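Laboratory data are not the source of any read-out in this text; all were calculated from the coordinates shown. What you are looking at is a predicted structure, and each value in this text was computed from that prediction instead of being measured. In this analysis, Cβ positions are derived from the backbone assuming ideal geometry, glycine residues included, and neighbour counts consider all displayed protein chains.
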Amino acid sequence: MKSISLVALAFLLYKFLILESVDADSPHLFFDWTVSYSQLAPLGVEKQVIVINDQFPGPMLNTTTNDVVNVNIHNNLTEPFLITHMDGVQGTNCPIQPGLNWSYSFQIKDQIGSFFYFPSLFFQKAAGGYGAIRANNRVVIPVPFPPPLEEFDVLIGDWYNGDYKEMRSSLDLGIHLFQPDGILINGLGPNKANFDFQPVTANQTAGMSYYMVATSRFIIPELAAIAIVRYNGSQGNPIGLLPPGPLPFDYRYSIEQAPSIRWDLAVGAARPNPQCSFHYDLINVSRTIILQNDWAVIDNHLQYTVNGVSFVHPDTPLKLADYFQLSDVFVADTISDTPDGRFPVLGTSVIDVKYRDFIHVVFQNPQLSLQTWHIDAYSFFVVGMGVGNWDKSKQLTYNMVDAVSRSTIQVYPNSWTAIMLELDNQGMWNVRSQDAEKWYLGQEIYMRVKGVGQDDPVTVPSRDEVHPPANLIKCGRAGSL
């Protein structure tokens, strides 16, 4: 699986570009970040790494619900740059040009947990530029567990020793990437990351050290990253050999195991489910969309497709084209709701969906490699997985009671995954493969969420969708507005 991927230990959703409606009493946090290059060797091979304030990974954003976060980004790279979790992608933002700066403003709302930010342009994610974000609960909003004595943010991701610009050039020539060279934990190679704990009750003996191991699945060669967890007063390294991991290509075990992860409805929480009602089985499904990933050779070039279309970005971000009502930038609904066997083409795929609708999406993967999908701005219920092609009879196997809520989901080879989500966040949102090669070569679409009678975004009330900020960067056809 040739993916530039990261794993955070919890999940949150927030807007990274548009400032939510802000209470005047909300605390404001200010950060000044310089994005630049540095020569580093996380796996022993020196390469050009993207650092933020000379740090890799970048600084952690430690925030609390309702905080208004202001991050001033200085782009000292040699090419345009965007940083994102949700809004800062090519379809929503114009990039920060080299030598210039721009301030992101966003408010941490009903999210408690952690995620991460990362570069979204030009395959830069393969060079670093990522870091953790933590959203703490307010004192008046309790969480369903005792306050931890200490917290650690752990970022796990695969890593290439090659230069990201050379990798990008290879993809532009239609050359597949090789497998990653290793896995990093907080930017460090195997046996280099350490986490020091004070004595706590965690079903283990204090005063000892333990391994933290991350291994890859479904690729050759199998990769591993090892960190050491040290309790206060521990002496030396962990005792004993590392235990064997699961079989690297046991897909059926994974398909059976993944749905066994369920939401514990007996546990209360500050914000147990900000996206939908727990009774999602009682909500009428207004639309079913089947998205099938594939690959094709288009104009003698390798491309990855969704329902037969490989995404091409226009020179004007879709969000700006929609807001300023610029015609001929894109046409919505040119991609079908189901795979129709069309001859593969290049295109700008935008699906129109209605604000407040509840929809059913099936990700179909006919390929022999693992697929991973992400939807910006939403959590969704993962209601089903299975081998082969999806059909309506598979709905009888769905978990309609206590499915977990996620923003990213895997689809196993020659398999399908079904999700349900309430469209409660109006805007233009990216739906993409999380495999960096596939994303770069066109495996994405955008989902435009609009309310009935709200075709002109300028007239949409701010309670439904906040308008772009005053410091909005304009480019393409919007550049002269």
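Each residue, N414 and D172, gets one label point 7 Å from its Cα in the Cβ direction; the gap between the two is 3.8 nm. Close amide-amide hydrogen proximity is noted between D110 and no other residue 5 or more places distant or on a separate chain, at a cut-off under 5 Å (H modeled in the peptide plane; Pro and chain starts excluded).
Checking the cross-link pairs K165/K438; K109/K450; K165/K319; K47/K125 against a 18 Å limit on the alpha carbon distance flags K109/K450; K165/K319 as lying beyond it. What is the list of residues in region 21-60 whose amide nitrogen lies under 13 Å from a point 7 angstrom out from the Cα of N161, following Cα to Cβ? Zone members listed by number: 41-47. Evaluating 6.51 cos²θ - 1.76 cosθ + 1.60 at θ = phi - 60° for every residue in region 101-118, the Karplus couplings come out as 10, 7, 9, 7, 10, 7, 10, 6, 9, 8, 10, 10, x, 8, 8, 8, 9, 6 Hz, glycine and proline recorded as x.
Assuming a ≥ b ≥ c are the square roots of the Cα gyration tensor eigenvalues, decide whether region 50-105 counts as rounded (a/c under 1.5), prolate (otherwise, with a/b larger than b/c) or oblate. Taking the square roots of the gyration eigenvalues as a ≥ b ≥ c, region 50-105 is oblate. By other beta-carbon atoms within 10 Å, ranking I289, I141 with the fewest at the front produces I141, I289. Neighbour counts of C-beta atoms inside 10 Å place E222, E465, E166, E444 in the sequence E166, E222, E465, E444, starting with the fewest. Note on V345 and Q48: the extension gain reaches 103.4 nm, defined as 0.36 nm multiplied by sequence separation minus the Cα-Cα distance. Before anything else, pin down the relative contact order of region 352-481: Cα pairs under 8 Å, at least 6 apart, normalised by residue count, whole percent. Result for region 352-481 is 32 percent. Computed from the Cβ-Cβ distance with R0 of 51 Å, the FRET efficiency linking D315 to N62 stands at 0.85. Stretching D456 away from N389 to a fully extended chain increases their span by 20.2 nm, per 0.36 nm per residue minus the current alpha-carbon distance.
Using the Cβ-Cβ distance between L29 and N300 with R0 = 45 Å, the FRET efficiency computed as 1/(1 + (r/R0)^6) comes to roughly 0.35.
Taking one quarter of the surface of the C-alpha convex hull of the chain gives a mean projected area of 23.4 nm². With both labels modelled 7 Å from their Cα along Cα-to-Cβ, the L396 to Q257 distance reads 2.9 nm. Stretched out straight at 0.36 nm per residue, the stretch from D464 to L247 would grow longer than its current Cα-Cα span by 73.4 nm. Each residue of region 141-153 was assigned a 3J(HN,Hα) from its phi angle through the Karplus expression (A = 6.51, B = -1.76, C = 1.60, θ = phi - 60°), giving 10, x, 9, x, 7, x, x, x, 5, 7, 10, 10, 9 Hz with x at Gly and Pro.
Spin-label model, C475/N232: points 7 Å from Cα along the beta carbon direction are separated by 4.9 nm. Local charge for Q410 was computed over the other residues whose Cβ lies under 13 Å away, with Lys and Arg +1 and Asp and Glu -1, and equals +1. Normalising the average separation of contacting C-alpha pairs (under 8 angstrom, six or more residues apart) by the number of residues puts the relative contact order of the chain at 16 percent. Let me test this: with uniform point scatterers at the alpha carbons of region 254-469, what is the Debye-based log₁₀ I(q)/I(0) at q = 0.09, 0.10, 0.18 1/Å? Log10 I(q)/I(0), no solvent term: -0.37, -0.46, -1.38.
How would region 282-324 be classified by its alpha-carbon gyration tensor: rounded, prolate or oblate, with rounded meaning a/c under 1.5 and the a/b versus b/c comparison settling the rest? Because a/c hits 1.5 or more and a/b fails to exceed b/c, region 282-324 counts as oblate. Counting neighbouring Cβ atoms within 10 Å and putting the fewest first, the residues L188, L396 line up as L396, L188.
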